[in-house]
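Asker: Can you keep this structure in mind? I'll have questions shortly.
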Amino acid sequence: MKKTVETLLFEAKTAYQEENISKTMSLCRKVIRLDSKNITALTLLGNAYFLDEAYEDALGVYRQIEKLQPDNMANQINLANACFELKLYKECINYVRAALKQESNNQTALSLLGNAYLESENYSEAINVLEKLSELSPHDFWVDNSLSQAWQKKGDFHKAFIYGLQAIEKSDGDSSQQLNLSYLLYETALEKGADSIAAEVAIWEEKYGQDSQVRFAIDALKNNTDITVANPKYVSTIFDNFASAFEQVLSGLDYKAPQYIAEFMHELYPHRWLKKIRILDAGCGTGLCGLFLKKYASFNGLDGVDLSSKMLEEAAKKKIYHRLYCQELCSFLSEQKNAYDLITAADVLTYFGDLKPVFVSSFSALKKHGRIIFSITQNKKTDSDWNLHLSGRFSHQIEYLKKLLNDVGFVLEKQSLQQLRTEAGKSVMGYIISARK
């Protein structure tokens, strides 16, 4: 017996509420085959596509609804949302303005409009809209966050700091808001020098200096030479926040560490088809190294470990790892005795100053004649073994690396000085190194 449109719609709504996206799509398509103008089914289908991050498909469905109901305000906002995700900011603004003609204080529409102006670099308009939204929604700390970004882009650091601090206060010290303020301070210090932010850092420290994440960010901004490792909470917060956009951001920084490690692999393992190995991708992130490591790994022989659960979610989507672990690196390695033939670490050791714990635990985790291949940033700022940069990342002296590897028991095989990425428009140089147990 065939199901009616009403029954199929009920099941589709239930599936959507249960976040069963594929089932929602299937049921909505069945309804649309029976009733091509069914607004409820079309809206559910568009929303399901949107939740699945299939923004082009979502936009296509919302445009079908627009033809049927051009003044549907909810659909105008959906159209604006899809356009925003696709970076079609001009279209987003037009759809939001149409919605606001029907409901001038609609907060969702105002938020979209303010952020579309922000992304399209119309900072004055962004501020006007966001300030109105702030009056309507005084407890929404994300509005203050956007205002902080807009004022920073306009070149008013003081106002940017005020709004950034307000976002933290309204969010009860939310780690994402702390991170956003740390980026504001870092970027300003990079441009104008550490002295230019000293007063603001003192305010932040007085209010939130007891927070370990904040403490590490302040230590980096002050170039505290006593710090030997990045705070794990700070690192996981960074990558949890950027996981979904991580690979896109890196492509804009000309990031090449995985590429260089791939070249080392090609040279060091020329006959991979004869003997495949067990590999740990340390600090695996979204799986950029895993994509080429897989062909060298034995059956079920590629593992990944990372501090960020969100990065691991992205890595899991690639279906290249047998096991993924959310754990601090040294802690994880210390539990693995003679477990791996190879450990790779692309742009991971930059969050360690003192590398002895990493090398000791890696040595223990490797099988006899096992190998480690990693990247480190070159320390050209000081004569010290390592230097903590404003960004919260460490750079190292190559002689320190060589001596430490030898002391731990590794034999240095190969080193190569390369441009690893760009930062603030400048080249970041570093070494790709392979060493054997």
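The values are calculated or read from the model by the stated rules, or taken from the named source; none is laboratory data. Treat the numbers as computed from the prediction; the structure is a model and nothing was measured. Cβ placement follows ideal geometry from the backbone for every residue including glycine, while neighbour counts extend to all protein chains displayed.
Asker: Working only within segment 392-401, note down all residues that are out of contact with any helix residue (DSSP H, G or I) (no Cβ under 6 Å at 6 or more places or on another chain) and either closer than 17 Å to R421 by Cβ or assigned to a loop (DSSP other than H, G, I, E, B) (or both).
Answerer: S395, H396, Q397
Asker: Residues Y49, Y55: which one is more than 28 Å from Y123 (Cβ to Cβ), of a type outside the set (A, V, I, L, M, F, W, C) and within 27 Å of the chain's Cα centre (by Cα)?
Answerer: Result: Y49 is the single residue among Y49, Y55 that is more than 28 Å from Y123 (Cβ to Cβ), of a type outside the set (A, V, I, L, M, F, W, C) and within 27 Å of the chain's Cα centre (by Cα).
Asker: So, in segment 336-377, exactly how many residues are under 24 Å from the mean Cα position of the chain (by Cα) and either assigned to a strand (DSSP E or B) or outside the structural domain of D407 (by TED's automatic domain parsing) (or both)?
Answerer: Number of matching residues: 9.
Asker: I've got another one for you. Can you spot a residue in segment 406-422 that is among the polar types (S, T, N, Q), within 26 Å of D195 (Cβ to Cβ) and in contact with a His (Cβ under 7 Å, 6 or more places away or on another chain)?
Answerer: Checking segment 406-422: not a single residue is among the polar types (S, T, N, Q), within 26 Å of D195 (Cβ to Cβ) and in contact with a His (Cβ under 7 Å, 6 or more places away or on another chain).
Asker: Return the residues of segment 43-68 that are over 20 Å from T108 (Cα atoms) and not aliphatic (A, V, I, L, M); say none if nothing qualifies.
Answerer: Of everything in segment 43-68, those that are over 20 Å from T108 (Cα atoms) and not aliphatic (A, V, I, L, M) turn out to be D52, E56, D57, G60, Q64, K67.
Asker: Under the condition of being among the basic types (K, R) and at pLDDT below 95, which residue from segment 415-437 is farthest from P258 (Cα to Cα)?
Answerer: Filtering segment 415-437 for residues that are among the basic types (K, R) and at pLDDT below 95, the one farthest from P258 (Cα to Cα) comes out as K426.
Residues are listed down the side, and each one gets a yes or a no for (1) at pLDDT below 95; (2) touching a helix residue (DSSP H, G or I) at 6+ places or on another chain (Cβ under 9 Å); (3) of a type outside the set (A, V, I, L, M, F, W, C):
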position	(1), (2), (3)
T4	yes, yes, yes
T7	yes, no, yes
M25	no, yes, no
L44	no, yes, no
Y49	no, yes, yes
A54	no, yes, no
R63	no, yes, yes
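Asker: Quick check on this structure: which one of K403, K414 is in contact (Cβ under 8 Å) with a residue 60 or more places away in the chain and surrounded by fewer than 21 Cβ atoms within 10 Å (Cβ to Cβ)?
Answerer: Exactly one residue qualifies, and that residue is K414.
Asker: Residue under question is N115, and the condition is that it be outside any helix (DSSP H, G or I) and at pLDDT 95 or above; does it hold?
Answerer: When the stated conditions are applied, N115 does not pass them.
Asker: Out of T350, T377, T382, which single residue is at pLDDT below 95 and over 21 Å from S298 (Cα atoms)?
Answerer: After applying the criteria, what remains is T382.
Asker: Residue pairs, Cβ under 8 Å, 6 or more apart or interchain, first in segment 51-79 and on the phi > 0 side of the Ramachandran plot, second surrounded by fewer than 17 Cβ atoms within 10 Å (Cβ to Cβ). List them.
Answerer: Hits for this filter: E53/E85.
Asker: Go through segment 282-319 residue by residue and tally those that are assigned to a strand (DSSP E or B), acidic (D, E) and touching a residue at least 60 places away in the same chain (Cβ under 8 Å).
Answerer: The number of residues fulfilling the criteria is 1.
Asker: State whether the residues of segment 258-278 include one that is closer than 20 Å to L329 by Cα, under 22 Å from the mean Cα position of the chain (by Cα) and without any contact (Cβ under 8 Å) to a residue 60 or more places away in the chain.
Answerer: no
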